[in-house]
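Notes to accompany the following structure.
The values are calculated or read from the model by the stated rules, or taken from the named source; none is laboratory data. Predicted model only: the values in this text are computed from it and were never measured. No Cβ is skipped: glycine too gets one built from the backbone with ideal geometry, and neighbour counts run over all protein chains shown. Just so you know, the surface numbers come from the protein's heavy atoms only, side chains and all, with ligands and any DNA or RNA stripped out. Shrake-Rupley method; radii C 1.70, N 1.55, O 1.52, S 1.80 Å.
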Amino acid sequence: MTELSIGQAQQVLDSQPFSRLVGARITEFGDGAAVLEVGVREELTQQNGFLHGGVLSYAADNALTFAAGTTLGPAVLTGGFSIQYVRPASGSTLTARAEVVHTGRRQAVVRCELFTADDEGAETLCAVAQGTVLSARPA
């Protein structure tokens, strides 16, 4: 299995046009875990001023998949995930922290917690997600 460095992981993320649109960045990557961050800006909010749920789902999906990639290898696809929104997301930064719970030969189960941070860095849990990530390499 070929392992990626954090720089290579960021290059993969940057190759996704939507990731570039939201300004996502990988701040931690390796050993069954990944952290993805998105700066909160007006274009990413909904009508009440909170971060749009689609942005939270996007961050969870990518964090889950990148974390699984550290155990399954770089060729992975999301098999499915669920997300529960705990409270409206507001702040200056969204952080999605994902950690592999179990890895088998062809799939991994991954859990993710999503936080928003204010300008002083105080974090608030806004959502939790769990998913299955599949290896896309030939059997």
Notebook entry, point to check: Where in segment 1-45 are there GluC sites (Glu not before Pro) that are in a DSSP coil and have at most 14 other Cβ atoms within 10 angstrom of their Cβ?
Noted result: 3
Notebook entry, point to check: So, in nm, how far is label residue 8 from label residue 139 when the simple model puts each one 7 Å beyond its Cα toward the Cβ?
Noted result: 2.7
Checklist line | Cut-off 19 Å, label 7 Å out along Cα→Cβ of residue 78, residues of segment 49-70 by amide N | finding: 51-70
Note to self: Taking the solvent-accessible surface of protein heavy atoms with a 1.4 Å probe, what is the per residue accessible area of the chain in Å²?
What the structure shows: 52
Notebook entry, point to check: Tally Lys and Arg at +1 and Asp and Glu at -1 over the other residues with C-beta under 12 Å from the C-beta of residue 112: what net charge comes out?
Noted result: -1
Note to self: With viscosity set to 0.890 mPa s at 25 °C, what whole-number translational diffusion coefficient in µm²/s follows for the chain from Stokes-Einstein and a Kirkwood radius over Cα pairs?
What the structure shows: 165
Next item on the list: Would you work out what percent of the accessible area of the chain, with all protein chains in place, is carbon or sulfur (probe 1.4 Å)?
Entry: 50
Note to self: Given a 10 angstrom Cα cut-off, can you work out which residue in 22, 12, 100 is the most mobile in a GNM of the chain?
What the structure shows: 12
Checklist line | Extension gain, residue 87 back to residue 27 (0.36 nm per residue minus Cα-Cα distance, nm) | finding: 19.2 nm
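Counting other Cβ atoms within 10 Å of each Cβ, which trypsin sites (Lys or Arg not before Pro) in segment 42-139 have at most 16 and sit in a DSSP loop? It would help to have the intermediate numbers written out before the result.
Values: sites: 97, 105, 106, 111; in loops: 105, 106.
Answer by residue number: 105, 106.
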